Amino acid sequence: MKLTKPPCYRAIEVDLQPSALTLAIALAAGAAAQSLAAQVRLPGIVLLLAAGAVLGPEVAGWVDPSALGGGLAHLVEFGVAVVLFQGGLNLDLERLRRQESAIWRLISAGALGTLAGAAVLVWFVLGWEWRTAVLFGSVVVVTGQTVVGPLLRGIGLHPRVRTLLEAEAVLLDPIGALLAAFVLQAVTVPAVGALASEAVAVAGSIAFGLLAGIVVGLALAGAVRFRVAVAAGYDNVVVLTAVILAFELCDLLVAQSGLTAAVVAGVVFGNSSPRVDPDLLGFTNPLTVALVGALVLLLAASVSWNDVRALGTGGFVVVAGLVLIVRPCGVLAATAGLGLAGRERAFLSWVAPRGLVAAVVASLTARTLDAEGGAEGGALQALVFLTVAGTVVLAGLSARPVAWALGLVGSGQEPAAPPPPGPPAVRGEAGPTELGPDEEIPAEAEAVWPELDRSEPGASDANPQAPDAQAPDAQAPEAHAPDAHAPDAHAPDAHAPDHAEPVDDPLGEDSAPGLRQTKSSYVPGSSSE
């Protein structure tokens, strides 16, 4: 007797297996693409877009985003929530206050200038209708924080320029998404009453998101710091689930308020006093790799190659115009009279890669247009896909050499004068400060060089007039005395020069800022960048 599968089993197999396989392939291929991108020193999104195009239904057919159904929308929400929260974590309020005017002008006047310029460019080059052209302009006002952050960290950029680019990328994500939603409402339902109600709704979502983000950020900081229902080792899990839950609850209470709430919660949590231990935020890196990788790959797989080919050379002309005309004009208008140097404005104009949020908003906008019977949704998504790919590749390959050519690598300040001979010095915010006889070497220095001692041989020799407090104490514990049978590791080499060459920072770029050791003194503040 031949056994057959029951109908219910076959229904489950047909309905669920493609979605599960699609998600598994997207997660694995996304992680592999980003790992390979790190090895070849390319932005991860470049290989993610390529992998999505190759694995998608029009080429290999291994990844079919439509098989996920509504699950793709949930994956998008979770990924965007975590990415926005992580972006807020990386913003330092003190640095933002110092560049407050420039930041607000970039995310207001600069964004509106980009919207208008991109719309005119698309209308002129591709001949699109005004409503579709304005929609495209509203989508590309955002820059990709998932691209900008890693890109700038690998350059060692001037602090002011780095602050402006990072703040623009993080703060424009929720603003740009809300702006695109407002423009979509305006072009689909152009009635004055509908526009007024939509404007009120956008303002309400921003206000509610700000309030909710502050509450969530403070609650998370307090729970982690005082161990309120947070056991040791569960910090990452609690923060992760709370952020996603807060994002969904905010959107449930007030539509689209979760975008603002996620960013504000990240800023508040990351800047709470005293600062939260950065080690507690370790979940963001692997989580971002998994979620962003799968999400970008799925979005790229959903783009139709026929729509991309239909753009022709006009699509590349639009991308070139965005980089060479629209972005520079927007930056020049937004930063006029702010005292920025020409080289700083040039770099701000050159580096503006679009990323995950632009791709997500384009996908959602295209679906809305298609649902209403419009034929321009596919073309809009294809052009945004081309814009993301072009700007990311350009920024990834040229940002470092352009920064070097403009002289923006490093602190942007003149090299510090060599320290005077004498006791070790510690460089603080106001400059070097000598250690007194009763003061201790900073913890970060002790962690890097535990053998460093105030009574180090050579320090007193370098300065014969040094005070007696620098001499070894006769009553000091014998633990500090050199062992008669042990090699004198601290004794100066008889053949060594009086001033040894600096030792490279063993911790690399991510160590404490500019820590450096010499033979006779410890002088933080000399950066290898």
Requested in this report: Enter the per residue convex hull volume of the range 70-406, computed from alpha-carbon coordinates, in Å³ rounded to the nearest integer.
Outcome: 134 Å³
Query raised in the report: Can you sort 158, 74 so the residue with the fewest Cβ neighbours within 10 Å comes first?
Result: 74, 158
Requested in this report: Note down the relative contact order for the range 70-406 as a percent, whole number, built from C-alpha pairs under 8 angstrom at least six residues apart.
Outcome: 28 percent
Query raised in the report: Taking one equal scatterer on every alpha-carbon of the range 283-362, how large is log10 of I(q)/I(0) by Debye at q = 0.10, 0.19, 0.26 1/Å?
Result: -0.40, -0.96, -1.15
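No lab work stands behind these numbers, since they all come straight from the coordinates. These numbers were taken from a predicted model, which means no experiment stands behind them. Quick reminder, even Gly has a Cβ in these numbers, built from the backbone with ideal geometry, and neighbours come from all protein chains shown.
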